[in-house]
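What follows is calculated from the coordinates using simple rules that are stated; it is not laboratory data. In this text the structure is predicted, and so the values were computed from the model without any measurement. All Cβ positions, glycine included, derive from the backbone under ideal geometry; neighbour counts span all protein chains shown.
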Amino acid sequence: MIQKKKELHNVLIEDLKPYAKNPRKNDGAVEALAESLKQYDLVKNSIVVDENMEILAGHTTLKAIQKLGWTKVPEVTQVTGLSEEEKKGTESQITNSRN
């Protein structure tokens, strides 16, 4: 269960670590998402990390940001207190807990 969450701003991409057990493989969506970010900028917080800055949700967003050459992510939500089992949850479960 999430014990704490906070919003981080202008996070360096190099500080973020992809979650090794990420079940989603969305490389095909990176180009379209990059175009959307380029056109509309980042309009919502769409990357969630744990206390170790490991990405739990938003791998595709990070790839799109990297494709655009950005060096920082404008907003990241950091959550703490998740068990390893909870970290294996689907992106939608983690995303829903952000609200």
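Taking H placed 1.01 Å from N in the peptide plane, check which residues at least 5 places from Lys72 or on another chain put their amide H under 5 Å from its amide H.
Ile13
P(r) for the range 4-98: what percent of alpha-carbon pairs falls in each 10 Å bin, starting at zero?
Each 10 Å bin holds this share of Cα pairs: 16, 53, 29, 2.
From the cross-link list Lys6/Lys67; Lys5/Lys25; Lys4/Lys87; Lys21/Lys67; Lys6/Lys88; Lys4/Lys38, which pairs have alpha carbons spaced over 24 Å apart?
Numbers: Lys6/Lys67 26 Å; Lys5/Lys25 26 Å; Lys4/Lys87 15 Å; Lys21/Lys67 22 Å; Lys6/Lys88 21 Å; Lys4/Lys38 32 Å.
Exceeds cut-off: Lys6/Lys67; Lys5/Lys25; Lys4/Lys38.
Each residue of the range 28-40 in turn: what ³J(HN,Hα) in whole Hz from Karplus with 6.51, -1.76, 1.60 and θ = phi - 60°, glycine and Pro shown as x?
Values, residue by residue: x, 8, 4, 4, 5, 5, 4, 4, 5, 5, 5, 6, 10 Hz.
Take the Cβ-Cβ distance between Lys67 and Leu8 as r, set R0 to 35 Å, and report the resulting FRET efficiency rounded to the nearest 0.05.
On the way: r = 21 Å, r/R0 = 0.61.
Step by step, r from the Cβ atoms, then E = 0.95.
Which whole-number percentage describes the relative contact order of the range 3-64, with Cα contacts under 8 Å and a sequence gap of 6 or more? Spell out each step's value before the answer.
On the way: 49 pairs, mean separation 25.4, N = 62.
Dividing the mean separation by the residue count of the range 3-64 yields 41 percent.
Can you list residues whose amide H is under 5 Å from Val49's amide H, if they're 5+ apart or on another chain and H is modeled 1.01 Å from N?
The list, which skips near neighbours in sequence, is Leu56, Thr77, Gln78, Val79.
Tell me, what HN-Hα J-couplings in whole Hz come from the Karplus equation 6.51 cos²θ - 1.76 cosθ + 1.60 at θ = phi - 60° for each residue of the range 12-17, using x for Gly and Pro?
Each residue of the range 12-17 in turn: 5, 4, 5, 7, 8, 10 Hz.
What does the extension gain come out to for Met53 and Met1, with contour length at 0.36 nm per residue minus their alpha carbon separation?
Values: separation 52, 0.36 × 52 = 18.72 nm, distance 1.72 nm.
Contour length minus Cα-Cα distance gives 17.0 nm.
Can you compute the modelled spin-label distance between Glu86 and Arg24, with each label point 7 Å from Cα toward Cβ, in nm?
1.9
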